[in-house]
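The values are calculated or read from the model by the stated rules, or taken from the named source; none is laboratory data. As the structure is a prediction and not an experimental result, all values here were calculated from the model. Please note: Cβ atoms are built from the backbone with ideal geometry, for glycine as well, and neighbour counts cover all protein chains shown.
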Amino acid sequence: MPRSSSADATPTLRRAPLSPKESGSPAAAVPGPSAAVGRRAPLLPFFPLPVSARISLWCSLIVVAALFGWGAWKRRWIADDGLIVLRTIRNLLAGNGPVFNAGERIEANTSTLWTYVMYLGSLIGGPARLEYVALTVALVLSVLGVVLVMLGAARLYAPSLRGRGALLLPAGALVYIAIPPARDFATSGLENGMVLTYVGLLWWMLVCWSQALRTEGQRRSSPWSANGTAFLGALSFVAGLSVLVRPELALIGVGVLVLLLVTTAGWRGRLLIVVAGGLVPVGYQIFRMGYYALLVPGTAVAKEASGSRWEQGFLYLANFNNPYLLWIPAVLLIALGLLLAATHTRPWWIHHEVAGGHSRLVRTLQSPPTVVAFFVLSGLIQAVYWIRQGGDFMHGRVLLTPLFCMLAPVAVIPIVKPDGTRFSREAGYLLAGAMTVLWGSVVAWALWAANSPGMGYDATRVTYSGIVDERRFYSQATGHEHPLTAADYLDYPRMRAVLVALRNTPDGALLLPSGNYDQWDVVPAYPPPLPPPGPGEAPRNPESVPHTVFFTNLGMLGMNVGLDVRVLDQIGLANPLAAHSDRLEDGRIGHDKNLFPDWAVAEGPFLKEPPYIPAYLDEGWIRQAEAALKCPATEMMLKSIREPLGPRKFLSNVLRAYDYTKYRIDRVPMYELQRCGLQSPELPEPPYTGLPATGP
């Protein structure tokens, strides 16, 4: 594509002088009138793109953002797990703190930053429904993340495009938005959109930082230039937030901080990196240890985030790859990357002069190739981590971020008009044609994948893999194409019935899900110490009525009942006893803890004997669970999150957080008594020991 002559006439588009190595001409090294213009204002891009590349980049940004936003909107929904976050927001707004159940300090959300972003959004949104706030914020951040990663890739290629006709076209970005789960979780009320924005911003900042050494002396000095102290502090701060965005993103955030520490000279710069990168995450970690009495989010304990389930992980990887044949774009993009490295992108970062005073190690680490390798490797390491852990029960969700990281360097690609400097024009046109064919193949795959049926007819069935298409599952189960609000989830089995059961038990009760979707099993609370209020008497405080609901789907349940209702689950997201129980081998991934409901009866103010308990509960187990709850270590663990939090309790929790994090109980009451060295209470019936040796 011919270069526009207006690029040399407009100051904002004028190119910086090329070095002799770049131009191949001695005259290029002679400073002329444009040399002064080359020293640009710090906040402007140092590598202005040619007009053709700039126009194509903006068109690519607009098209990709519009397609992604439209595709995500067509699949809009709020997941049950997204509603779990909103229950925490309700408690924050009510003054109960960042908890799921008032009076019990449990961190039920994996992403700390997403919790507080949603809290801020709820304050700004005012009377708007929390579900609509979550939908809007998630969608905007998802689109913004894709835009940022494309801008970072364009910045990566910009130096090699100076003085050349080129088009910047979306490649990796198209691959990402074409995958249906990417559009599913662009809304969903979960933190995926914020993760995209975080990764996109970190990628763009790292690319700017990697080019800083090659621009020293060619632009005016400023704290906000890519090698200035303000930019260094901002990059360190963003890298430090990684663990608060998602715990596993510490794999990339810590790596960035190490790169910065190694390449920064002087103790002042390194102190800035440590303070800017560590102040917020370390401060929150101390808060977590003192407030929640854990080293990690409660979800990490409930799901045993350090566990190993390789076989399930490879099954999850195949479940993600097979419907979309992801190996096809992988091969195409690798081929495109190799062509870019070998032909179109002149090795500016290798041959360009670096200002003196930097060691070879610094020049190597603070360079675009290192940043590209680091981002791809970090995505690969995250993928390996999730495969080792066993993946997730939601189709594709946890592998989207690793994929996004690995696609970042080719989010957009340049197709350059041959200029005859490195290859003959004939060879150049052949290479450009090959690039165009590969890019066209990526586009064709994206069109096919975007309309793929995904998991097919098994998408909403919980099969041996335990993996489902979560959006389609809840759309089918509720009868709503777009389940967005807690009210939409009232059409999920048992949800309307739970509201009826709560109204029918004014004195309190434990509600357990029955086999009938239209009713709940009720375990009555102990009779109140005072008779019901008579005529003219003040009613009892409703918060004193002990209502507890024991159910898996915490989000829809927690958002449809009052904050005075204690909501527990058997897998441990909001139930401390379940969270600290042992993981079941070969259980459904993400649901591989299953605490018996007998424990909920045992620890609450509920009647514990027939005929008040359902027939499937065992009075003997309930008595044993009551006795097991008196285990000193279990009592200490529960008191750490239930007793009033004062300075002494906070400090005690900080000192014991490691022990509490590792503490586990046995879900079978009799075995838990044996583990703790306690005597079994008297049972209503002798324990079953099997058939006699003589037979029945």
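Which residues, taken from segment 118-142, are surrounded by fewer than 21 Cβ atoms within 10 Å (Cβ to Cβ) and either in contact with a Phe, Trp or Tyr (Cβ under 9 Å, 6 or more places away or on another chain) or within 12 Å of Leu190 (Cβ to Cβ) (or both)?
Matches in segment 118-142: Gly125, Leu139.
Return the only residue of Ala486, Ala444 being small (Gly, Ala, Ser), under 30 Å from Leu336 (Cβ atoms) and under 33 Å from the mean Cα position of the chain (by Cα).
Ala444
Consider Gly95 against the criteria (1) at pLDDT below 85; (2) more than 30 Å from Pro170 (Cα to Cα): it satisfies all of them except one. Which criterion is unmet?
Unmet for Gly95, out of (1) at pLDDT below 85; (2) more than 30 Å from Pro170 (Cα to Cα): (1).
Answer yes if at least one residue in segment 246-256 is at pLDDT 95 or above, among the charged types (D, E, K, R), more than 20 Å from Pro409 (Cβ to Cβ) and in a helix (DSSP H, G or I), and no otherwise.
no
Run down Thr460, Thr436 and say which single residue is of a type in the set (S, T, N, Q) and over 30 Å from Val416 (Cβ atoms).
Thr460
Select from segment 568-591 the residues that are aliphatic (A, V, I, L, M) and out of contact with any Phe, Trp or Tyr (no Cβ under 9 Å at 6 or more places or on another chain) and write down the one among them that is farthest from Asp80 (Cα to Cα).
Per the stated criteria, the residue is Leu584.
Scanning segment 290-328 for residues that are assigned to a helix (DSSP H, G or I) and touching a Phe, Trp or Tyr at 6+ places or on another chain (Cβ under 6 Å), which turns out surrounded by the most Cβ atoms within 10 Å (Cβ to Cβ)?
Result: Gly290.
Take the residues in segment 452-481 that are among the aliphatic types (A, V, I, L, M) and in a loop (DSSP other than H, G, I, E, B), then tell me which one is modelled with the highest pLDDT.
Residue satisfying both the conditions and the ranking: Ile467.
Consider Leu499 against the criteria (1) more than 22 Å from Ala79 (Cα to Cα); (2) modelled with pLDDT of 95 or more: it satisfies all of them except one. Which criterion is unmet?
(1)
So, in segment 379-397, exactly how many residues are in a helix (DSSP H, G or I) and surrounded by 24 or more Cβ atoms within 10 Å (Cβ to Cβ)?
Result for segment 379-397: 1.
Please specify each residue of segment 149-176 satisfying the condition of being surrounded by fewer than 24 Cβ atoms within 10 Å (Cβ to Cβ) and within 23 Å of the chain's Cα centre (by Cα).
Leu151
Taking the criterion of being surrounded by 15 or more Cβ atoms within 10 Å (Cβ to Cβ), among the aliphatic types (A, V, I, L, M) and farther than 30 Å from Val565 by Cβ, would at least one residue in segment 649-671 satisfy it?
Yes, that holds for at least one residue.
Regarding Leu251, is this residue closer than 30 Å to Tyr116 by Cβ and surrounded by 15 or more Cβ atoms within 10 Å (Cβ to Cβ)?
For Leu251, the condition - closer than 30 Å to Tyr116 by Cβ and surrounded by 15 or more Cβ atoms within 10 Å (Cβ to Cβ) - is met.
Checking Val274 against (1) crowded, with 19+ Cβ neighbours inside 10 Å; (2) modelled with pLDDT of 95 or more, only one condition comes out false. Which one?
Against the list (1) crowded, with 19+ Cβ neighbours inside 10 Å; (2) modelled with pLDDT of 95 or more, Val274 comes up short only on (1).
Could you tell me which of the residues Ala230, Ala276 is hydrophobic (A, V, I, L, M, F, W, C) and touching a Gly at 6+ places or on another chain (Cβ under 6 Å)?
Matching residue, one of Ala230, Ala276: Ala276.
How about segment 431-474: which of its residues are free of Cβ contacts under 8 Å to residues at least 60 places away in the same chain and within 20 Å of Arg397 (Cβ to Cβ)?
If the condition is that a residue be free of Cβ contacts under 8 Å to residues at least 60 places away in the same chain and within 20 Å of Arg397 (Cβ to Cβ), then Asp458, Thr460, Arg461, Thr463, Tyr464, Arg472, Phe473 are the ones that fit.
Just a yes or no: is a residue in segment 69-79 under 20 Å from the mean Cα position of the chain (by Cα) and either hydroxyl-bearing (Ser, Thr, Tyr) or under 30 Å from Gly604 (Cα atoms) (or both)?
Checked against the condition, which is being under 20 Å from the mean Cα position of the chain (by Cα) and either hydroxyl-bearing (Ser, Thr, Tyr) or under 30 Å from Gly604 (Cα atoms) (or both), segment 69-79 yields at least one hit.
Within segment 566-590, can you find the residues that are in a loop (DSSP other than H, G, I, E, B), buried (at least 21 other Cβ atoms within 10 Å of the Cβ) and of a type in the set (A, V, I, L, M)?
Ile571, Leu573, Ala574, Ile589
For the subset of segment 211-223 comprising residues that are part of a loop (DSSP other than H, G, I, E, B) and closer than 20 Å to Leu257 by Cβ, which member is modelled with the lowest pLDDT?
Ranking the qualifying residues of segment 211-223, first place goes to Pro223.
Could you check how many residues of segment 488-519 are in a loop (DSSP other than H, G, I, E, B) and out of contact with any helix residue (DSSP H, G or I) (no Cβ under 8 Å at 6 or more places or on another chain)?
So the answer is 9.
Within 20 Å of Ala171 (Cα to Cα) and either charged (D, E, K, R) or modelled with pLDDT of 90 or more (or both): is that true of Val372 in this structure?
For Val372, the condition - within 20 Å of Ala171 (Cα to Cα) and either charged (D, E, K, R) or modelled with pLDDT of 90 or more (or both) - is met.
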